[in-house]
Amino acid sequence: MLTKRPIRFLIAGAGFFLAFALFGLPLECRAQFGGGDFGDFEDRDFDDRDFDDGDFGGFGGGGRNQSRERQDTRDSREALNRGVQALQAGDFQGAVDGFNEYLDITKRSTLDTVIQVRQDIRYRTARILFYDLNDKGAAADLLREYVAEPYALHKRVAYKMMIIGYYETAQYQKCVDVILEAIEYNENPDIIVRVGNSAEAQEGEFEDDEAADEEKADLPFTPEEHTELRFKLGQSYFEINKYRECLSPFEYVINTSKDDLQKGFAIMRMIEALLELKDFERISGWVPVLYRSDVRYDIRVNLALLTVADELNAIGDYDSALPLYRMIVPRDELIQYQEETLKKMRIAANLPPLLGQPLTEDEKLIFGGDEKVEEPKERRRVISGGSITSREEEPAVEDNVDVEDYGFVVPIEIRTIEELLEILKDESQIPPYENYVNLEMAILYNNVNRYWEAVRFYDAVYKADPSGEVGQRAMYDAVELLSKKLGEGEDARARAFDFLGQHKSGIFPRYVSYLLTDYYQGRDEWRELIKLRPYLDEFDKSFTEDIRRYDSELFFMQAVGELMSSQYSNAVNDFEMIVEEYVGSEKAPDALYWAGFSYLCLDDHTNAYKCFERYTDEYPGGSMLSQAYHQGGVALFGMDELTNAVNRFSYVIDQFGPESIVYSDACNMRGDIYGSWGGDDLDKAVTDYTNAYQHAQREAQATYAVFAACEIFKKDTIYYGNSYIVSLVEDYVNSWGSRGADFAKATLWLGRVKMEEQKYDEAIAYYKDAILKYGGLLLQEGIDQIIPEMVKLSNRLSEAERVALKEELQQVLKESDSSTMKLRLRVALALFDGTESQLGMDLLNELDDLSFAPPPVLDLICKAALEVKNYSRAKDILELYEKTFNESPYINSALQLRAEGLFAEGKFDEAFQTVLEAQYLFGTIKDVAWSQLLWGEIRLAQRDVAEARNAFLDVLGVPDWRGKPTVTAVFKLGELEESQGNLRAAYNYYQRVYFQYKGVDNRLSAQSYLAAVRCLDKLAKQTSVNFGDSQAYEGGRKQTLQQMIADKYVNIPENADLIAQARELLSVSDADFIQLIDSGVKTNIVVTITASMESEEGAKIQTKDDE
Amino acid sequence: MRRVVSIVLLLSTFVAWAGAQQSGLPAKMTIMNGNTADVFLQRVEGGNLVFQANRSTRDLSGPIDKIYYLQFLSKLDGELLVNLYSSADYAGMIQNIDQGLNSKTDEYWQFMSINNNYKKVFLMLMESYFEVGNYEQAAAAGAGFAQNEEDDVAADKGRAMLIRLALMQDQIEEAEKRLEEVVTPSAKLYLTACIQQKKGEYKESIWSVSDLLEQYANDLDWVPQAELLNAVSYRLLADDEVVPYMDSAISTARQVKNIHVDSSCAGEAKQLQEQWILEKAEMLEKEQARAAAMEKELEKVKKGTDEAAEEKDSQE
């Protein structure tokens, strides 16, 4: 019977195998035979019959030894009994102590029977450790001894327990070793030799189903178990950083697992390992597979995705990073999903569905109140902590399980998910990541040129967190992308200003302002730039170094914008503000210099000088030191301190030398002063200009020096004369020809020389040569000055020569391939024939593409468009000027067309800005008078009568605007006053038009006659007027109409409609007069009018009709 | 319910009868109460499925909404079909299915309003017909799937096909009308993008797809073709040459190819990517030629000044 004992032990534990078949969760897979289910152990003691001497014969023989052996036998028996009794009493630790003592005493025995018992005790002790005491590490260690000795009847089960034991106690290297052993053993298992009569054994062994199950449990691993083994092997390798080794096991799992979650987890681990191995090619193969799985809902996978995606993104593997970012489930969605899952799991485990809540009365009815419940029959598979486990047919749980929830025992997989959920919900452990993920995706889209997806994602990020750093960063990136890469300036500006309207603090409003500043600066849109100012003023003041630096730069650029927009006083204020408030900032020295420059623009030379002096004192190492000294000299020049100025320029020339960027400027300035002094100083001036020319660093410096020298050569014909001019100009053309030399001016000078020498044909030859050489080049604007000069000069040629020249130009026009050349020649020929206006109209209709049209062509088109009030191309033409011909004098007509177009559209502010721009560029030259008239019209439209009146009156004060602009202004003033009910003043203005300017503008004069009559009519009807005055008005009215009809400047066919009106207005009694006039009789009517105007022509104007 | 039970009774009656020749498509039919029967499907008629029991030539019918599942019994090589589809070999796909179904493919479409084991294959087939230009079949397929009340995705795939066909014929209003029937939000965004693209609203189309990517990035029923649509929108934008949208188109196609490896879009994306790379090279060539012409012009100017200098030297 003794031989049967181990087998009965075996039988008692057989039921375990099924519970373990799929590596069931250890805590829940509590041994059926633990705690009172120990078969024979339960109801008997061990006695001498069980441990007779023969059993321990292996300890050796001999008297003293025999005595020792007997003692050992007794001790081992007692230890075993202690263990069994403790087990019966539910004292698992006591049982383990007793069994361990037994194992220790018998460890040296080599007797088969002892070994068999020892192995069985080991196995049982390990199970108690594993299941009852939850000391899986100790259990695994004991099982390692178990599998190393013979008579290990449950080796496969032992291996499975060991694997779990080492894995869960994070002993991964041991886990790897055991799994490799297990796989090896599975292929080459021991042949179990049972002791005793086989028939007897068979009879006893499998006397119940449990025993049979236990036997079956040690069958070879199933395919599912193989997959599980590889999964744990891969995991263990991964944990000990053996990334290459973990690939093969994971690949096995991916190929064999029927569990999508497990498969997804294995792919995820593969990718992480490949990332460590920097095997990016293989990663890109696995990512799409992962993308199609549902593994993202596992909390740990979800979080790992972020790390891996970030790493792939960082190395530029965007096509792999993108799907991983997409897989990341937002926190709320993940929590909701896991809570739903958990709820189902808890219900399946007969737990209340919600964590941490006591059962309601209804739930108690469903779940049985706070009674302990049976384990559920159906088990779920979850991935928790990287460990895939399963449970089947678990035994009943016991009281001493350490996880409880309102009296319920909670299965470990549920607890694991609950713990992970707690972590997920705790923002201090896992900060919000959704917006970060979206931002990363936006950046990624941007990096792969998927710009519009990027914009959309930036928008989403900003919308989700408009005040946070991530949201504001997204807004900044969106504005940058739109303005810099996509050319969507309008969209970018709208977003930026909207953002700035809402956010006043922190660094990002500064960044966005900086972007806008950069954008406007790049396009020279200075007036737009300074619209940013109100937003900057509203920023919260901050003293952080970074923000102050940005503020100083932003305000600096505002001041530059003001300077460039001719708002010099504002520029001075802002530059000085930067100097005072941002002391020590990078921009302070520059601001001081530019404050001085702005003063120069205001002709405030004294303050300008102070600024430059302060700069040289405070910043002796400043980057603009030479410029500051030079501009100080310019200020002195402006203050008429010419000697000091000469000394200053000499200092600059000597101190900073030819390498300085202001050397040529200083030479030119000093040359100008010497030149103004005349006499012997002219030679000094020529020397200075020559030096300036020779060391010029910019075309402008060379150009100025050359033509200034030419002026002296022309004046001082005794010493210099034309040969000097020719020599210098030709040198200039050759040296600077490819660097933007002003060919036109050069050719003009050469032409003038020839003209002085009365060699007109040679002068024309120069011009013609220049036209033929450079006429096809759009940017050679000098040609556009030569053409009218040449046409003018051609009047000095004989008719035959003139015709020949025209024919030559026509021939070139015919043969040339260059559209620009053709257009220029058409302008030249129109000038010859005086048909510019017609050409303008033709080009307005025929020229769709303006990109190759030079400024004179654009000018003709603008003038034609103005005539027919066609403003459709005004914007495009002006933009073309701004982009290509920024400094062209022809821009005036484009500005006029644009301004009048904007006015016609009712965009008064924009129209006004254009008016200002025209006056900024051209001052008060004759051609820009339109701007002042439009100024008045705009103000009138905006109902600002006083401003409008001033604007029109200002026209009268500018000598260059005499003539038609003045008469128009006077007429407008008449209209203005009439509209305000100031009928006398209005009458006077109208009267002034037809008296004083009838020869200037016949039509306007005719209109003024009628308007004056209208005023007289209104005055006559006013109730305050007495009868006498009324009679006078009536008389004046009649006289005015008669005078109009008799006025030979006014009564012309073009004004027939107006004359007809006048005739109608005259009473029937005047029919004789009309008849008289119609018969050709001339009148000598004297009209006397008392005018109340304050102008010099106003008081008592008397005029007499021409005979 | 009574009707269903009677169907089953009738089935069991006729199953025993051995008929020599039987028309229709052989299938295993599962009805809502879980009962199954081997039947020969005849047609769909007024919301009813007409079938014959095994070894019976008598037509029986039952309401479609009481039928849970049809398992067609013809053999198709699913793996091969997926491979053909994902490599954009649409003609091969059609031919293979036709062979597997003994040239009776057309007869199957009407049954796609009921859940069945060929649904995935037939969705691919529908796309294949569209891609090879067999629009009549594609329309029949679309109409069949659009009736499926049990499976929103399949039904929307059918509706999507009908919308795409309408767009192809410039019937934008018709497409917009059909869009209202679409159920799944991701499908709606994708089809909105299709309509916007047709209208020439390329940026708006990309935005709609971006919304889909932001809200339903893991809905792989619609994401691959939506991203491919974006690639095409970028290509169309590239015609303006305002910004380097050609690179955007190529990048997007590349990403579709790499991210949605096993989808038919991957094959199409690959073809487009290769085509656009060639087009880009041509564009660059033209650009270079233009730059060279400019260079030549500048050279002329320089030459002009050099000649003037030489002339001056010779005069001296």
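FYI, it's all coordinate maths here, none of it is from the lab. Bear in mind the structure is a predicted one, so any value in this text is a computation, not a measurement. Note that each Cβ is placed from the backbone with ideal geometry, even for glycine, and that neighbours are counted across all protein chains shown.
Brief remarks follow.
- Simple spin-label estimate for residue B:293 and residue B:23 in nanometres, 7 Å along Cα-Cβ: 6.9
- Computed from backbone phi, the HN-Hα couplings of the stretch A:1017-1022 come to 4, 5, 4, 5, 7, 5 Hz, rounded to whole numbers (Karplus: 6.51 cos²θ - 1.76 cosθ + 1.60, θ = phi - 60°; Gly and Pro given as x).
- Net +/- balance of residues flanking residue A:549 in space, Cβ distance below 12 Å, scoring K and R +1, D and E -1: -2
- For the stretch B:177-182, putting each phi into the Karplus relation 6.51 cos²θ - 1.76 cosθ + 1.60 with θ = phi - 60° gives couplings of 5, 5, 4, 5, 7, 5 Hz, in residue order, rounded to whole numbers and with x for Gly and Pro.
- Residue-averaged [θ]222 nm for chain B, counting only DSSP H segments that reach four residues, each worth -39500 (n - 2.57): -21000 deg cm²/dmol
- Per-residue shielding of A:284-297, expressed as the average number of other chain Cβ atoms within 10 Å of the residue Cβ, stands at 2.
- Over 24 Å between alpha carbons, listed pairs A:587/A:610; A:484/B:257; A:278/B:280; B:104/B:257: A:484/B:257; A:278/B:280; B:104/B:257
- Look at where the Cα atoms of the stretch A:660-709 and of the stretch B:246-298 average out, and the two centres are 55 Å apart.
- Of A:136/A:344; A:714/A:745; A:745/A:773; A:768/A:814; A:684/A:754; B:177/B:199, those spanning more than 18 Å from alpha-carbon to alpha-carbon: A:136/A:344; A:684/A:754
- Relative contact order computed over the stretch A:432-503 (Cα-Cα under 8 Å; 6+ residues apart), in percent: 23
- Residues residue B:102 and residue B:218, FRET efficiency given R0 of 45 Å [Cβ-Cβ distance, rounded to 0.05]: 0.70
- Filtered trypsin sites (Lys or Arg not before Pro), the stretch A:980-1063: DSSP coil and at most 11 other beta carbons within 10 Å: A:1048
- Within 10 Å of the Cβ of each residue in A:726-737, the mean number of Cβ atoms contributed by other protein chains is 3.
- Using the Karplus relation 6.51 cos²θ - 1.76 cosθ + 1.60 with θ = phi - 60°, the per-residue 3J(HN,Hα) values for the stretch A:94-102 come to x, 4, 4, 4, x, 5, 4, 4, 4 Hz, with x marking Gly and Pro.
- Neighbours of residue A:778 by Cβ distance under 11 Å: Lys/Arg scored +1, Asp/Glu scored -1, total -2.
- Computed from Cα atoms, the angle from the helix B:202-215 axis to the main principal axis of chain B rounds to 50 degrees.
- Amide H partners (placed H, <5 Å) of residue B:68, local residues excluded: B:30, B:31, B:32
- The mean number of Cβ atoms from other chains found within 10 Å of a Cβ in peptide A:142-155 is 0, as a whole number.
- For the stretch B:77-178, the relative contact order works out to 21 percent when only alpha carbon pairs closer than 8 Å and six or more residues apart are counted.
- Other residues with beta-carbon under 13 Å from the beta-carbon of residue A:980 carry, at +1 per Lys or Arg and -1 per Asp or Glu, a net charge of +1.
- Amide H within-cut-off set for residue B:48, under 5 Å, with H built and near neighbours excluded: B:64
- Distance between the C-alpha centres of the stretch A:505-552 and the stretch A:79-120: 83 Å, rounded to the whole angstrom.
- Cα gyration tensor shape of the stretch A:432-503, rounded if a/c is under 1.5, else prolate or oblate by comparing a/b with b/c: oblate
- Over chain B, relative contact order from alpha-carbon pairs under 8 Å, at least 6 apart, %: 10
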